[in-house]
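Let me begin by presenting the structure, written as structure tokens, before commenting on it.
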Amino acid sequence: MRILQLNTVCGAKSTGRIAWEIAKLVEKDGGECYIACGAGYVPEDAKAFAYHTIKPIKRKAYSLIRKLFDAEGYFNISGTKELIRQIEIFEPDVIHIHNLHGCYLHLKTLFGYLAKKDIPVVWTLHDCWPFTGHCAYFDYSGCEKWKTGCHDCPQLKSYPECVGVDGSRRNYQLKKELFLGLKNLTMVAPCQWMKEPLSQSFLKNVPVRVIYNGVDLNGFTPTPGDLRQRYGLENSKVAVAVASDWDERKGLRFLLEAAQKLGDEYRFVVIGLSHEQVEKLPGGMIGIEHTANVEELAQWYTTADCLVNPSLEDNMPMVNLEALACGTPIAMFRTGGCPEAVDERTGAVVEKGDVDGLCRAIRSLCPKTDATKQACLARARSFDAKLTFEQYLALYKELCTEP
């Protein structure tokens with residue numbers, strides 16, 4: 001069985017690690033898998049699976065043009081044609097799409113080819129971008145134009161950022177035309193929540209499965225370290241928050257407010273900040289731009305009494321699953337599929353924007369007890385990547401054997 005995956009990154013960040021885990025399972029099952037990607041660092045162990053569709057300098061140029069004309073997916077024709085040539089050589093049984101945004105593919109060229117070849121396509125919805133005219137999520141703005149036809153986008157500054165002409169109407173129509181042109185398409189929702197907006201979009205008649213995101217329980221496991229000693233946290237209740245990009249929708253402002261309300265007894269460690277954001281943090285909060293590797297990140301999850309996830313828009317974020325796998329409970333807003341990660345023993349869910357409720361949730365989880373740790377580890381086993389992603393293998397085989 002030969003599988004080609006498409007994703008912005010390979011082996012890094014949440015979606016890149018998911019694609020990598022699936023590739024390893026395909027290989028273990030006796031198949032072949034490649035991940036066509038466009039950006040980012042590829043870990044050494046993942047390089048055997050990676051195929052880059054674009055050079056960094058070209059991608060940077062296309063990104064600048066995209067920002068001016070709201071034109072995600074309108075560039076890299078030559079790279080996409082070369083990818084198609086590689087597809088013809090590889091002859092995949094299934095093409096598995098993850099994220100297409102990231103200025104690494106020309107959508108019209110790619111989907112024109114896929115419609116003609118009628119190769120089975122699986123598409124995992126890591127966000128809502130496939131059925132909107134611009135944004136990856138619309139909860140924050142409360143916009144519902146995506147249900148009937150995007151225009152006059154209220155979130156042009158959100159990812160994928162636009163600082164020029166609003167192209168949401170054009171983008172919506174193009175996506176609708178191209179994506180509905182695939183007659184052998186199966187959507188995958190990584191949580192139950194995603195099925196609801198999908199059912200109200202132009203993709204509502206496409207078959208959909210729910211396959212939860214999975215976490216690597218070998219990489220993310222209770223990992224003792226000396227972080228409390230190194231950062232002077234020995235006598236504190238520690239709340240850790242993690243994101244790859246702390247933009248407005250990730251809720252950094254709620255962390256700042258919660259830290260102020262909870263006082264000196266609690267110490268907040270925020271990972272994934274920009275240098276400028278670290279510099280602006282108030283005293284008592286620890287800001288970290290990035291961890292050196294998965295082991296260090298697992299050490300922070302293990303060190304924490306709780307993970308705090310104040311995101312206002314999200315799907316099924318990996319940080320929640322990673323924290324559980326390290327034995328740490330979660331205080332979170334009721335956002336997207338986030339509540340599906342926990343039960344009453346492993347987390348506390350409050351309404352979005354309720355900082356007082358978030359503070360009560362953090363207090364209820366700190367300090368972390370051994371019983372809580374064991375409950376989190378048991379919960380994490382439900383999201384073991386080796387089990388959840390086996391469902392992708394089953395889906396691939398089902399699609400390959402259909403008449």
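Remarks
- Cα gyration tensor shape of the chain, rounded if a/c is under 1.5, else prolate or oblate by comparing a/b with b/c: prolate
- Net charge dipole, the stretch 228-357: roughly 220 debye, given to the nearest 20, about the Cα centre with Cβ charges of +1 for Lys and Arg and -1 for Asp and Glu.
- For Ala371 and Glu88, a Förster radius of 41 Å and the Cβ-Cβ distance give a FRET efficiency of 0.15, rounded to the nearest 0.05.
- Per-residue HN-Hα couplings for the stretch 110-127 [Karplus 6.51, -1.76, 1.60; θ = phi - 60°; Hz; x = Gly/Pro]: 5, 6, x, 5, 4, 5, 6, 7, 6, 6, x, 10, 10, 10, 8, 8, 6, 7
- Given charges at Cβ of Lys, Arg, Asp, Glu: the stretch 244-284 dipole, positive-most of Gly284, Ala258, Phe268: Ala258
- Just the protein heavy atoms count here, and of the accessible area of the chain at 1.4 Å, carbon and sulfur take up 50 percent.
- Between the alpha-carbon centres of the stretch 370-403 and the stretch 120-144 there is a gap of 24 Å.
- Dipole magnitude (debye, nearest 20) for the stretch 25-133, charges at Cβ of Lys, Arg, Asp, Glu: 680
- Relative contact order computed over the stretch 1-49 (Cα-Cα under 8 Å; 6+ residues apart), in percent: 47
- For His106, residues with placed amide H under 5 Å, excluding near neighbours: Thr80
- Ordering Ala115, Val238, Phe389 by Cα displacement along the dipole of the chain toward the positive end leaves Ala115 in first place; charges were set at the Cβ atoms of Lys, Arg (+1) and Asp, Glu (-1).
- Assigned charges on the beta-carbon of Lys, Arg, Asp, Glu; the chain dipole about Cα centre (debye): 880
- Over all pairs of different C-alpha atoms in the stretch 32-84, the reciprocal of the mean inverse distance, the Kirkwood hydrodynamic radius, equals 12.2 Å.
- Scoring 61-72, 121-132, 337-348, 228-239 by mean Cβ neighbours within 10 Å over their residues and listing the highest first yields 121-132, 337-348, 61-72, 228-239.
- Length released on extending from Ile77 to Val165, taking residue separation times 0.36 nm less the Cα-Cα span: 29.5 nm
- Peptides 42-49, 244-251 ordered by average Cβ neighbours within 10 Å, highest first: 244-251, 42-49
- Three-way shape call for the stretch 229-304 based on the alpha-carbon gyration tensor, with the a/c threshold at 1.5: oblate
- Per residue accessible area in Å² of the chain, where ligands, DNA and RNA are left out and the probe is 1.4 Å: 43
- The listed peptides 304-312, 265-273, ordered by packing as a protection proxy, come out as 304-312, 265-273 (highest mean of other Cβ atoms within 10 Å first).
- When the square roots of the Cα gyration tensor eigenvalues are ordered a ≥ b ≥ c, the ratio a/c for the stretch 1-51 is 1.5 or more and a/b exceeds b/c, which makes its shape prolate.
- Rounded to the nearest 500, the 222 nm mean residue ellipticity of the chain from helices alone is -11000 deg cm²/dmol, with -39,500 (n - 2.57) taken per DSSP H run of at least 4 residues.
- Amide H contacts under 5 Å for Asp216, placed H, 5+ residues apart: Ala385
- Positive dipole terminus of the stretch 279-403, leading residue within Phe333, Leu399, Cys366 (C-beta point charges): Cys366
- Lys116-Asp245 pseudo-label distance in nm [points 7 Å out on the Cα-to-Cβ vector]: 3.3
- Computed lengthening from Asn205 to Val294, 0.36 nm per intervening residue step minus Cα-Cα distance: 28.1 nm
- What separates the Cα centres of the stretch 74-111 and the stretch 233-297 is a distance of 38 Å.
The values are calculated or read from the model by the stated rules, or taken from the named source; none is laboratory data. No experiment lies behind these values; they were computed from the predicted model shown. When we count neighbours, we look across all protein chains shown, and the Cβ atoms used for this are built from the backbone with ideal geometry, even at glycine. These area figures cover heavy atoms from the full protein model, side chains too; ligands, DNA and RNA do not enter into them. Shrake-Rupley method; radii C 1.70, N 1.55, O 1.52, S 1.80 Å.
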